Amino acid sequence: MTIILRVDVPIASFPTSRSREYRQTYPVPPPSTVYGMLLSMVGETDRYKHCGVKIAIALLTEPAKSITLRKTRRFKYKKLDRKENTRPDFQEILTGIELMVWVDKGEDKAKPSLCDRIIEAFTVPSSISRFGALCLGESRDLVNSVDLISNIDPNLKLNYLIQDEYGNLSLPYWIDYVGSKNTHWLRYSLEKRSLTIFPDSAWTIVKAI
């Protein structure tokens with residue numbers, strides 16, 4: 001089973017792993033970020049629940065990039081209210097983010113699968129128990145809309161995120177929130193193609209190992 005979602009996010013930032021004082025952003029949300037949004041959408045708090053699901057991502061537009069100055073926290077001292085833990089930093093942000101997300105059951109052994117739960121969220125929304133606003137990344141990066149798509153113009157040009165061992169994007173598909181040891185990465189590139197030439201290399205299997 002494969003479903004297609006159209007996601008609209010007015011503003012977001014996907015900080016690169018090596019960002020420090022100047023927080024750069026990836027040009028596209030990493031698979032791990034999209035997976036987290038999908039779990040939030042169906043009210044799932046156990047991120048291991050749907051390991052094995054396959055995700056593909058494509059940009060409908062090229063988001064505009066700008067720079068903002070915002071307050072960030074860096075925990076240098078255990079006492080959280082120490083002023084040294086807070087400082088202003090420059091951060092890149094993206095605006096006008098529109099993307100397509102394909103979700104396939106893949107190796108997801110949960111019953112119901114993530115695909116089934118997403119469909120249920122649209123068909124019987126009262127059956128979903130969740131909390132908080134739906135975000136793509138940080139809690140401030142609110143999702144404007146998510147639509148379940150049945151028909152797409154086959155000639156539509158999309159910027160696919162495809163796996164490419166020589167690609168210029170190194171993105172996480174699984175995040176280790178305790179440390180970085182078990183964070184898993186793949187190399188990608190963005191490639192513009194029509195929907196009629198859906199690349200198999202666009203699929204990413206989200207799993208912890």
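The values are calculated or read from the model by the stated rules, or taken from the named source; none is laboratory data. The structure displayed is predicted, hence computed values, not measured ones. Heads up, the Cβs are rebuilt from the backbone with ideal geometry, glycines too, and the neighbour counts pull from every protein chain shown.
Key figures
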quantity: Wholly within segment 1-77, strands (runs of 3 or more DSSP E) carrying at least 3 residues that are at pLDDT below 95; calculated: 64-73
quantity: Some residue of segment 141-148 being exposed (fewer than 13 other Cβ atoms within 10 Å of the Cβ) and at pLDDT below 90; calculated: no
quantity: Members of segment 141-178 that are without any contact (Cβ under 8 Å) to a residue 12 or more places away in the chain and more than 23 Å from residue 50 (Cβ to Cβ); calculated: 151
quantity: Unmet criterion (only one of (1) at pLDDT 95 or above; (2) at positive phi; (3) assigned to a loop (DSSP other than H, G, I, E, B)) for residue 108; calculated: (2)
quantity: Where a residue in segment 110-124 is over 13 Å from residue 39 (Cβ atoms) and its partner, wherever it lies, is modelled with pLDDT under 95 and in a helix (DSSP H, G or I), with Cβ under 7 Å and at least six apart; calculated: 120/127
quantity: Qualifying residues in segment 151-202 (those that are within 24 Å of residue 61 (Cα to Cα) and in contact with a helix residue (DSSP H, G or I) (Cβ under 6 Å, 6 or more places away or on another chain)) - the one surrounded by the fewest Cβ atoms within 10 Å (Cβ to Cβ); calculated: 154
